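J.: Sending over a structure as structure tokens; questions will come in a sec.
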Amino acid sequence: MTQVRLRPATPNDAEGIRTIYNHEVLNTTATFDLVPRTLHEQRAWLVERSGAFGAIVAVVDDPDGERVAGFAALSPYKERAAYRTTVEDSVYVDRTLGGLGIGSLLLTEVLAIARTSGFHSVMARIEATGEASRRLHAKCGFELVGIEREVGRKFHRWLDVAVMQCLLAGGAGGARSL
């Protein structure tokens, strides 16, 4: 059985993260990015990640050393001040390592980071046909709260986005009123 370890991402992980992400850019609708990242851009992305918004990686042992098997991060949800207690998650796993529970490990860890950082809500925006990602998020406590219709266009087709949300127990905030 492959042993998976989680740790904070370092600049040395940029190429591994970039490889996983660019596969998704070029071959799937898991991201709405259309242009692959350069190594310079990936390093800049890592530099921007700190504190509660730091990236984490899942690593496995490889004959050449440690290999990045997946990564996750939290990002601000919206710019306006009232949204500051809500974040958005990103989770990507090397497709050759699917089925090992790496996505669950990463998402569980970023939810723990969000909780200890005092956030109240975590949002996930998932291309609506991304059933594996939707199942992963549901397994970790997210609920479907809406579908944004035809908000993206990739591979010559319109794409819907499933919006999922996880309200964190013990986060900032209080009773909801409607």
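A short reminder: the numbers here are calculations on the coordinates, not readings from a lab. It should be emphasised that the depicted structure is a prediction, and the values quoted were computed from it without experimental measurement. When we count neighbours, we look across all protein chains shown, and the Cβ atoms used for this are built from the backbone with ideal geometry, even at glycine.
J.: If you stretched the chain out fully between Glu131 and Thr116, how much longer would it get, using 0.36 nm times the residue separation minus the C-alpha to C-alpha distance? List each step's numbers first, then the result.
T.: Details: separation 15, 0.36 × 15 = 5.40 nm, distance 2.86 nm.
So the chain would gain 2.5 nm between Glu131 and Thr116.
J.: I want the local charge near Val151. Using Cβ-Cβ distances under 14 Å, sum +1 for each Lys or Arg and -1 for each Asp or Glu among the other residues. Display every interim value, and only then the final one.
T.: Working: positive: Arg125, Arg149, Arg153, Lys154, Arg157; negative: Glu127, Glu148, Glu150, Asp160.
Result for the neighbourhood of Val151: +1.
J.: How do Tyr83, Tyr21 rank when sorted from fewest to most other Cβ atoms within 10 Å of their own Cβ? Please report the intermediate quantities before stating the final value.
T.: Details: Tyr83 13, Tyr21 20.
So the ranking, lowest neighbour count to highest, is Tyr83, Tyr21.
J.: Taking the highest mean first, how do the peptides 108-115, 132-139, 84-91 order by number of other beta carbon atoms within 10 angstrom per residue?
T.: Details: 108-115: 18.2, 132-139: 16.5, 84-91: 19.9.
In descending order of packing, they fall as 84-91, 108-115, 132-139.
J.: A follow-up question, please. Dividing the alpha-carbon Rg of segment 32-126 by 2.2 N^0.38 Å yields what?
T.: Working: Rg = 14.4 Å, N = 95, 2.2 N^0.38 = 12.4 Å.
Scaled against compact globular proteins, the figure is 1.16.
J.: So for segment 1-40, what percent of the C-alpha to C-alpha distances run longer than 17 Å?
T.: Details: 332 of 780 pairs.
Of all Cα-Cα distances in segment 1-40, 43 percent exceed 17 Å.
J.: Mind checking Rg over Rh on the chain, alpha carbons, Kirkwood formula for Rh? Don't jump to the answer; show the numbers that get you there.
T.: Values: Rg = 16.2 Å, Rh = 16.9 Å.
Ratio of gyration radius to Kirkwood radius for the chain: 0.96.
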